[in-house]
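This report concerns only the one structure given below.
The values are calculated or read from the model by the stated rules, or taken from the named source; none is laboratory data. These numbers come from a predicted model, not from an experiment. A quick note on method: Cβ atoms are made from the backbone with ideal geometry, for glycine too, and the neighbour counts reach across all protein chains shown. For accessibility, only protein heavy atoms count, side chains too; no ligands or nucleic acids. Shrake-Rupley method; radii C 1.70, N 1.55, O 1.52, S 1.80 Å.
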Amino acid sequence: MKSEKLTVNTGCDFFQLATLGVQGLQPYQPGKPIEELEREYGIKNVIKLASNENPLGISPRVFEAVQANLKDIARYPDGNGFALKKALAQKHSVEMDMITLGNGSNDVLELIARAFVTPEHSVVFSEHAFAVYPLVTQAISAKAIVTPAKNWGHDLTAMQAAICEDTRLIFIANPNNPTGTWVDRTSLKAFLNVVPKDVIVVIDEAYYEYAIENPDYPDSLEWLSDYPNLVTVRTFSKAYGLAGLRVGYSISHPDVANLLNRVRQPFNVNNIALIAATTALTDNEYLEKSIALNREGMQQLTQVFDEMKLQYIDSVCNFVSVEVGDGAAVYESLLCEGIIVRPIGGGYKMPQHLRVSIGTKAENEQFIKALRKVLNH
Ligand SMILES: *Cc1c(COP(=O)(O)O)cnc(C)c1O
């Protein structure tokens, strides 16, 4: 242990004081920040394609709204997020009391787990699914039931079979990060039909805006009235380009939302984030531009992967996972070229793959150039 000396001084082993769940936690591994690589390698103009951020940067309209409201920073935000909830309710044709706002959708995912799950319960999710599911499950010392993936995606049959007496919560990332895979309307509906009514099913739709182009991709909001145990989670971090401000939300039965709002910190979404998200909802031009840019970038990258005979997993998101052999080694070599992508060995158990976020045309070109160099193609 690095801080052994401090432990001796306090006469107390804090690790032993922590809950069992926390003792077993592995901290979330975020994408490497640009500044860190520039500092460590003494290089400039680093390109980051590691965190599925919107390569367009902030929408000009949002930028203006944020600047105009900076003077309000001395005030607490509206703890109920009235304006944003009203805009979301209108957009999605739901009631405001069905919405729970979060400091990013990660916050909402954790609220759901904390509101419903204890160490006596189990949580079901898939192999290769989003890292936050095992993390929040472990943090509350609950039991994780991880079902094997099928063609890298969620196997809903296996997930159904895995549900036990003590299962309280199921996480489904649709589409999933880091695989980019998705479950279709018919399969998901059939799944919801067989899940017991007292098991919460979270459909995490962080990439909804990209995936919805696909006709068989289900918009789970349509099913909320049929399945009160369904919770749809969305975010402003991806297509809306607000990753740094942290705004996400869930839409659920009002009884569920009411419970989540009890667990929630009173001011979990700050006032600048509220303004930015509310404004972002009005900027369709930016959204459409982002989606179009992503479509072109996805084509640009996968075309080159085909040429290079690299296998990749078909993705409906703003990233693609490509098989490169020794993922960790190729990741390191790309760093030397000033390109940050995401290695997904570790918790995701995909050591042969790298996850690459779709960038601007120029960023993608730089990445391709570096990849060709690193792989001698
Ligand atoms: C990026 C992502 C999120 C969103 O995280 P935020 O906390 O909203 O930034 C949620 N779920 C998945 C699967 C993601 O990839």
Among (1) in a helix (DSSP H, G or I); (2) out of contact with any Pro (no Cβ under 8 Å at 6 or more places or on another chain); (3) surrounded by 16 or more Cβ atoms within 10 Å (Cβ to Cβ), Leu310 falls short only on (1)
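With the structure loaded, tell me whether Tyr208 is open to solvent by 30 Å² or more (accessible area, probe 1.4 Å) and either within 20 Å of Leu287 (Cβ to Cβ) or in the same structural domain as Thr360 (by TED's automatic domain parsing) (or both) or whether it fails that test. Walk me through how you get there before you give the answer.
On the way: open to solvent by 30 Å² or more (accessible area, probe 1.4 Å): yes; either within 20 Å of Leu287 (Cβ to Cβ) or in the same structural domain as Thr360 (by TED's automatic domain parsing) (or both): yes.
Answer is yes for this residue.
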Restricted to the stretch 126-152 and to residues being open to solvent by less than 50 Å² (accessible area, probe 1.4 Å), more than 14 Å from the ligand (Cβ to nearest atom) and not small (Gly, Ala, Ser), the residue nearest to the chain's Cα centre (by Cα) is Thr137
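Rundown of residues vs (1) assigned to a loop (DSSP other than H, G, I, E, B); (2) free of Cβ contacts under 8 Å to residues at least 12 places away in the same chain, yes/no style:
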| position | (1), (2) |
| --- | --- |
| Cys164 | yes, no |
| Thr179 | yes, no |
| Leu188 | no, no |
| Lys197 | yes, no |
| Pro215 | yes, yes |
| Leu221 | no, no |
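Per-residue answers, yes or no, for (1) touching a Pro at 6+ places or on another chain (Cβ under 9 Å); (2) over 26 Å from Thr279 (Cα atoms):
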position	(1), (2)
Cys164	no, yes
Thr167	yes, yes
Pro196	no, yes
Val199	no, yes
Thr232	no, no
Thr235	no, no
Lys238	no, no
Within the stretch 160-199, residues more than 16 Å from the ligand (Cβ to nearest atom) and open to solvent by less than 30 Å² (accessible area, probe 1.4 Å) come out as Ala162, Thr167, Phe191, Leu192, Val195, Val199
Reported set for the stretch 24-52 where residues are surrounded by fewer than 15 Cβ atoms within 10 Å (Cβ to Cβ), out of contact with any Cys (no Cβ under 9 Å at 6 or more places or on another chain) and not in a loop (DSSP other than H, G, I, E, B) is Glu35, Glu36, Glu38, Arg39, Glu40
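Do the conditions hold for Ile58, that is, is it within 16 Å of the ligand (Cβ to nearest atom), open to solvent by 20 Å² or more (accessible area, probe 1.4 Å) and hydrophobic (A, V, I, L, M, F, W, C)? Give the derivation first.
Numbers: within 16 Å of the ligand (Cβ to nearest atom): yes; open to solvent by 20 Å² or more (accessible area, probe 1.4 Å): yes; hydrophobic (A, V, I, L, M, F, W, C): yes.
Considered against the rule, which asks whether it is within 16 Å of the ligand (Cβ to nearest atom), open to solvent by 20 Å² or more (accessible area, probe 1.4 Å) and hydrophobic (A, V, I, L, M, F, W, C), Ile58 comes out as yes.
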Taking the stretch 230-271 and keeping only residues that are more than 15 Å from the ligand (Cβ to nearest atom) and among the β-branched types (Val, Ile, Thr), one is left with Val256, Val263
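Run down Thr302, Thr360 and say which single residue is open to solvent by less than 80 Å² (accessible area, probe 1.4 Å) and more than 15 Å from Gly180 (Cα to Cα). Even if it seems obvious, please write down each step before you answer.
On the way: Thr302 fails: more than 15 Å from Gly180 (Cα to Cα).
Testing whether each residue is open to solvent by less than 80 Å² (accessible area, probe 1.4 Å) and more than 15 Å from Gly180 (Cα to Cα) leaves just Thr360.
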The condition of being in contact (Cβ under 8 Å) with a residue 12 or more places away in the chain, assigned to a helix (DSSP H, G or I) and within 14 Å of the ligand (Cβ to nearest atom) holds, among Glu296, Glu209, only for Glu209
Counting only residues in the stretch 108-125 that are crowded, with 20+ Cβ neighbours inside 10 Å and farther than 19 Å from Val146 by Cα, the one nearest to the ligand (Cβ to nearest atom) is identified as Val108
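Given the residues Ala277, Ala273, Ala243, Ala257, which is the only one that is under 19 Å from Pro55 (Cβ atoms) and either buried (at least 24 other Cβ atoms within 10 Å of the Cβ) or in the same structural domain as Ala173 (by TED's automatic domain parsing) (or both)?
Details: Ala277 fails: under 19 Å from Pro55 (Cβ atoms); Ala273 fails: under 19 Å from Pro55 (Cβ atoms); Ala257 fails: under 19 Å from Pro55 (Cβ atoms).
Checking each option against the conditions leaves just Ala243.
Could you please find all residues in the stretch 59-81 being among the basic types (Lys, Arg) and in contact (Cβ under 8 Å) with a residue 40 or more places away in the chain?
To start, the set of residues in the stretch 59-81 that are among the basic types (Lys, Arg) comprises 61, 71, 75.
Correct list: Arg61, Arg75.
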For the stretch 82-97, pairs from a residue that is small (Gly, Ala, Ser) to a residue that is outside any helix (DSSP H, G or I), with Cβ under 8 Å and 6 or more apart or across chains, are Ala87/Leu281; Ala87/Thr282; Ala89/Glu95; Ala89/Ile99
Within the stretch 212-240, the residues that are crowded, with 22+ Cβ neighbours inside 10 Å and either among the small types (Gly, Ala, Ser) or not assigned by TED's automatic domain parsing to the domain that holds Ala161 (or both) are Ser220, Ser237, Ala239
Over the stretch 86-105, the set of residues within 29 Å of Val320 (Cα to Cα), buried (at least 21 other Cβ atoms within 10 Å of the Cβ) and not hydrophobic (A, V, I, L, M, F, W, C) is Gly102, Gly104, Ser105
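State whether one or more residues within the stretch 94-108 are at pLDDT below 95 and within 30 Å of Leu230 (Cβ to Cβ).
Of the residues in the stretch 94-108, the ones at pLDDT below 95 are none.
No, the stretch 94-108 contains no residue that is at pLDDT below 95 and within 30 Å of Leu230 (Cβ to Cβ).
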